[in-house]
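Asker: Encoded as structure tokens, here's the structure I'll be asking about.
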Amino acid sequence: MSLVAVWTASWCAIWGPGALVTLAIPGRRGPWRTWCFQRWAAGILAILRVRVVTEGYPPSQGPFVLVANHLSYLDIMVLASRVRATFVAKREVRSWPVWGILARAVGTIFVDRDRARDTLRVADVIHGTLNQNDGVVIFPEGTSTMGSTVAPFRSSLLAAATRAALPVHYASLSYRTGRDDPPAHLAVCWWGDMEFLPHFRVLCGLDRIEAHVRFGREPVGPAGRKELAEALHRAVTRDFIPVVAHPS
């Protein structure tokens with residue numbers, strides 16, 4: 001955990017002055033922030049001994065929307081190491097130690113999924129981000145899971161893609177741990193009533209983690225948001241490698 005803290009502090013020291021400089025350069029603050037976040041994420045994965053195995057090709061140029069199933073807070077680092085984009089996260093992430101501060105610093109879009117009015121607000125923010133030719137990553141399950149199945153996708157945050165008539169890219173995520181480590185659905189996936197800090201301590205002690213990311217061959221849509229959500233769910237489910245067998 002100490003290495004994670006040192007690495008994060010080091011990149012904050014780099015990001016801060018750069019952010020001040022880019023304030024005076026129109027259109028440069030976002031790319032600088034995203035570049036720093038991508039480098040920070042790659043370093044965190046190295047510290048945590050995460051090997052990322054990628055199939056397919058991520059979207060490389062904005063504007064784009066990328067959706068994925070959601071298993072852990074580690075998902076953000078894994079995807080950030082492969083795509084330059086703004087992430088949408090639940091409101092509670094703002095208050096997490098270290099992660100919350102960093103999430104705010106890199107421009108994460110926070111949403112209160114329990115308030116319909118807030119999802120409308122966030123859809124407008126996503127639309128504005130796309131209009132700046134940036135990418136946006138969304139986890140439409142609305143919560144992280146143990147990785148036995150892909151939960152149904154909520155359609156509300158896909159409204160921006162529908163409004164912009166953009167096809168939506170997708171990816172499936174899965175994890176494995178080492179032979180002598182606890183199973184990934186308990187040590188990597190973060191779900192139910194698990195507390196963040198105890199879980200993170202276990203994750204930091206793992207010998208190795210394999211993160212498998214499978215990017216879809218072709219984006220889906222454009223379509224109405226409910227039809228889009230259903231089509232994306234089918235596509236992610238088709239590519240998904242279960243982390244653990246579905247409980248009988």
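The values are calculated or read from the model by the stated rules, or taken from the named source; none is laboratory data. Here the structure is a predicted model, which means the values were calculated and not measured. Neighbour counts run over all protein chains shown; Cβ positions are idealised from the backbone, glycine included. Surface areas here come from the heavy atoms of the whole protein model, side chains and all, with no ligands, DNA or RNA. Shrake-Rupley method; radii C 1.70, N 1.55, O 1.52, S 1.80 Å.
Asker: Just to verify a result, which residue in the range 138-154, among those that are within 17 Å of the chain's Cα centre (by Cα) and among the small types (Gly, Ala, Ser), is least open to solvent (accessible area, probe 1.4 Å)?
Answerer: If we take residues in the range 138-154 being within 17 Å of the chain's Cα centre (by Cα) and among the small types (Gly, Ala, Ser), then GLY147 is least open to solvent (accessible area, probe 1.4 Å).
Asker: Can you tell me how many residues in the range 36-56 are in contact (Cβ under 8 Å) with a residue 40 or more places away in the chain, more than 24 Å from TYR170 (Cβ to Cβ) and open to solvent by 20 Å² or more (accessible area, probe 1.4 Å)?
Answerer: The total comes to 2.
Asker: Residues of the range 173-184 being in contact with a Ser or Thr (Cβ under 9 Å, 6 or more places away or on another chain) and crowded, with 21+ Cβ neighbours inside 10 Å, which ones? Spell out the reasoning first.
Answerer: Of the residues in the range 173-184, the ones in contact with a Ser or Thr (Cβ under 9 Å, 6 or more places away or on another chain) are 173, 175, 183-184.
Residues satisfying the conditions are LEU173, TYR175, ALA184.
Asker: What are the residues in the range 191-230 that are assigned to a helix (DSSP H, G or I) and of a type in the set (Asp, Glu), if any? Even if it seems obvious, please write down each step before you answer.
Answerer: First, the residues of the range 191-230 that are assigned to a helix (DSSP H, G or I): 196-204, 225-230.
Matches in the range 191-230: GLU227, GLU230.
Asker: Looking at this structure, is ILE101 β-branched (Val, Ile, Thr) and open to solvent by 50 Å² or more (accessible area, probe 1.4 Å)? Give the derivation first.
Answerer: Working: β-branched (Val, Ile, Thr): yes; open to solvent by 50 Å² or more (accessible area, probe 1.4 Å): yes.
For ILE101, the condition - β-branched (Val, Ile, Thr) and open to solvent by 50 Å² or more (accessible area, probe 1.4 Å) - is met.
Asker: State whether the residues of the range 196-216 include one that is of a type in the set (A, V, I, L, M, F, W, C), open to solvent by 10 Å² or more (accessible area, probe 1.4 Å), closer than 22 Å to TRP96 by Cβ and free of Cβ contacts under 8 Å to residues at least 40 places away in the same chain.
Answerer: Scanning the range 196-216 turns up at least one residue that is of a type in the set (A, V, I, L, M, F, W, C), open to solvent by 10 Å² or more (accessible area, probe 1.4 Å), closer than 22 Å to TRP96 by Cβ and free of Cβ contacts under 8 Å to residues at least 40 places away in the same chain.
Asker: Moving on. Can you tell which of ALA165, ALA159, ALA116 is open to solvent by less than 50 Å² (accessible area, probe 1.4 Å) and either hydrophobic (A, V, I, L, M, F, W, C) or over 19 Å from HIS233 (Cβ atoms) (or both)? Show your work before the answer.
Answerer: On the way: ALA165 fails: open to solvent by less than 50 Å² (accessible area, probe 1.4 Å); ALA116 fails: open to solvent by less than 50 Å² (accessible area, probe 1.4 Å).
Selected residue: ALA159, the only one of ALA165, ALA159, ALA116 that is open to solvent by less than 50 Å² (accessible area, probe 1.4 Å) and either hydrophobic (A, V, I, L, M, F, W, C) or over 19 Å from HIS233 (Cβ atoms) (or both).
Asker: Here's another thing I want to ask about it. Which one of ALA80, ALA85 is under 15 Å from the mean Cα position of the chain (by Cα) and under 24 Å from MET146 (Cβ atoms)? Reasoning before the result, please.
Answerer: Working: ALA85 fails: under 24 Å from MET146 (Cβ atoms).
Going through ALA80, ALA85 in turn, the sole match is ALA80.
Asker: Still on this structure, I have one more. Mind counting the residues in the range 155-185 that are under 19 Å from the mean Cα position of the chain (by Cα) and modelled with pLDDT of 95 or more? Give the steps one after another, and end with the answer.
Answerer: Start the filter on the range 155-185 by keeping residues that are under 19 Å from the mean Cα position of the chain (by Cα), which leaves 155-161, 167-176, 184-185.
Subset that is modelled with pLDDT of 95 or more: 168-176, 184-185.
The total comes to 11.
Asker: Examine the range 121-137 for a residue that is part of a loop (DSSP other than H, G, I, E, B), touching a strand residue (DSSP E or B) at 6+ places or on another chain (Cβ under 9 Å) and surrounded by 16 or more Cβ atoms within 10 Å (Cβ to Cβ), and state whether such a residue exists. Walk me through it before giving the result.
Answerer: Just the residues of the range 121-137 that are part of a loop (DSSP other than H, G, I, E, B), to begin with: 132-134.
Subset that is touching a strand residue (DSSP E or B) at 6+ places or on another chain (Cβ under 9 Å): 134.
Filter once more, keeping what is surrounded by 16 or more Cβ atoms within 10 Å (Cβ to Cβ): 134.
Within the range 121-137, one or more residues are part of a loop (DSSP other than H, G, I, E, B), touching a strand residue (DSSP E or B) at 6+ places or on another chain (Cβ under 9 Å) and surrounded by 16 or more Cβ atoms within 10 Å (Cβ to Cβ).
Asker: Being out of contact with any strand residue (DSSP E or B) (no Cβ under 9 Å at 6 or more places or on another chain), part of a helix (DSSP H, G or I), over 19 Å from ALA105 (Cβ atoms) and at pLDDT 70 or above narrows it down to one residue among ALA46, ALA41; which is it? Give the derivation first.
Answerer: On the way: ALA41 fails: over 19 Å from ALA105 (Cβ atoms).
The match here is ALA46.
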